[in-house]
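Trainee: Structure in structure tokens, see below.
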Amino acid sequence: MRKSLMLAACSAALALSACSKINDDDSGGAEITNTEYPEQVFWGDTHLHTDNSIDAFGFGNRLDTENALRFARGEEVTATKGAKAKLSRPLDFLVIADHSDAMGATKAIMEAPRFALLANKFLLRWHDMMNESDEGSLQVTAELIDGAAKNTLPKSLTDPEETRERTADLWEKHGETVDQYNEPGKFTAFMGFEYTSMPNGDNLHRVVMFRDSPEDMGDTIPFGALGSQNPEKLWAYMAAYEEKTGGKVLAIPHNSNVSNGRMFAMNKFDGSPIDAAYVKTRALREPIVEVTQIKGDSESHPFLSPNDEFASFGVTGWDKCNLSCTRDMPPESYGGSYVREALKRGLELTLSIGANPFKFGMIGSTDSHTSLATADENNFFGKHSANEANNQRRAHEPQNLGTREGRFGWHYLSSGYAAVWATSNTREAIFDAMMRREVYATTGPRMQVRFFGGFDFSADDTANLVKAGYAKGVPMGGDLQGGGGQPPKFLISALMDPESASLDRIQVIKGWVDASGQSQEKVYNVSWSDAETRKLGADGKLPAVPNTVDLTKGTWDNATGAPELATFWQDPDFDASQNAFYYVRVLEIPTPTWPVYDALKFSLTLPDDVIKIQQERAYSSPIWYTPKA
């Protein structure tokens, strides 16, 4: 009966577009319709922590895997601190990415009988502190983060052999729950974990995400950074997994903004120069990067892009010191910390080595440690459970990761989500879309963004943008080569999120390598609202869109801006001999930040330095142009 219904649905869809076949889906046994090309964008979070993460439990999180999945599917749950929590719209997929190191350790320490820890004064102290008060548990977590940064944690937490049994038990139970909630065609639950490399507090974290079911993964367990902080060891683990199981796995770097220049460094972990083997392996293992999340935005920085008037989004508080604030970060290190600069470095390496290790697509995700995958400003549950929605002082109090102070609650963003153009809502289709980089990032709003490149487009193609895009070009994440000297042309569209703000503008960010071998960048405004009254200046910049935010109500006026923007654009500065990339940035009109909603809810007066108004945005994956060999 179900198959008959699916066939009928496919027949109806064929009349409209490209529904072409019915496949047996490996992940759940259900029969799923895959469209000929991606017609639907699927929304998800690839970076969520539950009470199995060593720090999340220490921060106070008491929500497990099942609660996290129920929340992501749109069900109401009770947050750790007692508030009811629910998304206004369900997500389509979720990757729970608990820290692989010492998985479940803080929970085990807190719940252990005290007499069992008498021989270990270190763990006994933490046991007593965690059971004594929330403040004691937070102090334990700060010491944990410091210890991980300084490599001073006790062997009982760091020895992979001593933690293997606990990790294997938790991983098996976790997999059973993930499979229970995976419903092909409706909601996709992935297996994954976070590899938390943090040498001296410099963030080299990766989310690791599997295409396969827990059953197909066999006896695989997560790989920990306490075994090796060198990401090349993680890539070797991934290769061994694929060889052993026939499965697929990818890694997603995140929070490059607090890496102290090391995430996209021009040398290897051990300081030796990047070589062709390194480039090939990294490009294979890391097809996408997480560009925005709670701990700031990593697209760009004003120091690197002084001519970009929108380069400062989400950098406040995060550009001063590394993750644990154990080391200050000088501006000279920013080049290895921000994604746009990495894309430019990738072009330079293409010319010097012949391949590009930084050829990645862009997604956003939350990195929430509350088990709640929300990126909505008016539904923000904080970085961790001590700062959930009922904490009245969370916006303006210090909020640090480690024992050294330097950051405040309002520095944290309510960001972001991953948008995936896939042929169906299944593990296979979504994972494969990530591998081909047909993805984009948003800071929370679910705006729909399309971006195609080709040599044969015309302005008339905007009338049938998607069909023309796939028929005559490549989508975001793709490659263009040659072109006979003619410039690449682009079809771009953006549709506002009906639950968020209207659109200010679409921009194209171009990077290229000039004749001297130096990488360059330029931002083009290519489509904008109120075009009759807003004209480009001689410098290519636009007058700002009106700010309609009412801080006394937390509202704005969508009569300003546009519900939809679409355009045909051709690079006016094209040089056929220069390698280049192009990606799209879409800006909403100004809206309130989450501290404003807290201030209204609790009748607070926010300090003047708190950012109260912002322009949320989306970042597409790039399209790369390569001259004909």
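The values are calculated or read from the model by the stated rules, or taken from the named source; none is laboratory data. All values reported here derive from a predicted model rather than from experimental measurement. Virtual Cβ from ideal backbone geometry, glycine too; neighbours counted across all protein chains shown. Just so you know, the surface numbers come from the protein's heavy atoms only, side chains and all, with ligands and any DNA or RNA stripped out. Shrake-Rupley method; radii C 1.70, N 1.55, O 1.52, S 1.80 Å.
Trainee: Provide the per residue accessible area, probe 1.4 Å, for segment 563-629, rounded to a whole number of square angstrom.
Mentor: For segment 563-629, the per-residue accessible area is 38 Å².
Trainee: On the protein heavy atoms, probe 1.4 angstrom, tell me the percent of accessible surface of the chain carried by carbon and sulfur.
Mentor: After summing per-atom areas, the C and S share lands at 50 percent.
Trainee: Between Lys601 and Ala116, what FRET efficiency follows from the Cβ-Cβ distance if R0 is 41 Å, with the result rounded to 0.05? Numbers along the way, then the final one.
Mentor: Values: r = 43 Å, r/R0 = 1.06.
The formula returns an efficiency of 0.40 here.
Trainee: Here's something else I'd like to know. Would you mind working out the accessible area per residue for segment 377-514, using a 1.4 Å probe, and quoting it in Å²? Numbers along the way, then the final one.
Mentor: Values: 4030 Å² over 138 residues.
Accessible surface, normalised per residue, equals 29 Å².
Trainee: As an exercise, use a Förster radius of 35 Å and the Cβ-Cβ distance of Ser458 and Ile613 to find the FRET efficiency, rounded to the nearest 0.05.
Mentor: Details: r = 39 Å, r/R0 = 1.12.
It comes out at approximately 0.35.
Trainee: Right, here's the next one. Quick check: Cα centre of segment 563-629 to Cα centre of segment 336-392, how many Å?
Mentor: 14
Trainee: Turning to a different aspect of this structure: Given bins 10 angstrom wide, list per bin the percent of all Cα-Cα distances in segment 316-376, short to long.
Mentor: 18, 31, 35, 14, 2
Trainee: Using a 10 Å cut-off on Cβ atoms, rank the peptides 549-558, 379-388 from the highest mean neighbour count down.
Mentor: Per-residue Cβ counts within 10 Å, averaged per peptide and sorted highest first, yield 379-388, 549-558.
Trainee: Which angle from 0 to 90°, rounded to the nearest 10, does the C-alpha axis of helix 339-353 make with the longest principal axis of the chain?
Mentor: It works out to around 70 degrees.
Trainee: For a quick check of understanding: with a 1.4 angstrom probe and all protein chains in place, what accessible area in square angstrom does Leu600 have, to the nearest ten?
Mentor: 70
Trainee: From largest to smallest, what semi-axes in whole angstrom does segment 430-516 give when each is the square root of 5 times an eigenvalue of its alpha carbon gyration tensor?
Mentor: 24, 16, 15
Trainee: Could you tell me the relative contact order of the chain? Use alpha-carbon pairs under 8 Å, at least six residues apart, and round to a whole percent.
Mentor: Dividing the mean separation by the residue count of the chain yields 13 percent.
Trainee: Roll a 1.4 Å probe over the protein heavy atoms and report the accessible area of Thr462 in Å², nearest 10.
Mentor: About 50 Å², ignoring ligands and nucleic acids.
Trainee: Further question: Applying a 10 Å radius around every beta-carbon, put 390-399, 533-542 in order of their mean neighbour count, most first.
Mentor: Values: 390-399: 16.9, 533-542: 10.9.
Going by the mean number of other Cβ atoms within 10 Å, highest first, we get 390-399, 533-542.
Trainee: Could you pull out which residues in segment 105-124 have an amide N less than 11 Å from a spot 7 Å beyond the Cα of Ser133, following the Cα-Cβ vector?
Mentor: No residue qualifies, since no backbone N sits under 11 Å from the label point.
Trainee: Within segment 502-518, list the residues whose amide N lies under 15 Å from a label point set 7 Å along Cα→Cβ of Ala538.
Mentor: It comes to no residues whatsoever.
Trainee: Further question on the same structure: Could you sort Lys359, Lys522, Lys86, Lys280 by accessible area so the largest value comes first, with the probe set to 1.4 Å? Before the final figure, lay out each step's value.
Mentor: Numbers: Lys359 55, Lys522 85, Lys86 105, Lys280 155 Å².
From most exposed to least exposed: Lys280, Lys86, Lys522, Lys359.
Trainee: How large is the direction-averaged shadow of the alpha-carbon convex hull of segment 482-543, in nm²? Don't jump to the answer; show the numbers that get you there.
Mentor: Values: hull surface 26.9 nm².
So the mean shadow area of the Cα hull is 6.7 nm².
Trainee: Quick check on the chain: helices-only [θ] at 222 nm, where DSSP H runs of length 4 and up contribute -39,500 (n - 2.57) each and the sum goes over total residues. Nearest 500, please.
Mentor: Result for the chain: -7500 deg cm²/dmol, rounded to the nearest 500.
Trainee: Tell me the per residue accessible area of segment 165-216 using a 1.4 Å probe; a whole number in Å² is fine.
Mentor: Details: 1820 Å² over 52 residues.
Accessible area per residue: 35 Å².
Trainee: Which FRET efficiency value, to the nearest 0.05, do you get for Tyr470 and Glu243 by plugging their Cβ-Cβ distance into 1/(1 + (r/R0)^6) with R0 = 30 Å?
Mentor: Details: r = 34 Å, r/R0 = 1.12.
After rounding to 0.05, the efficiency reads 0.35.
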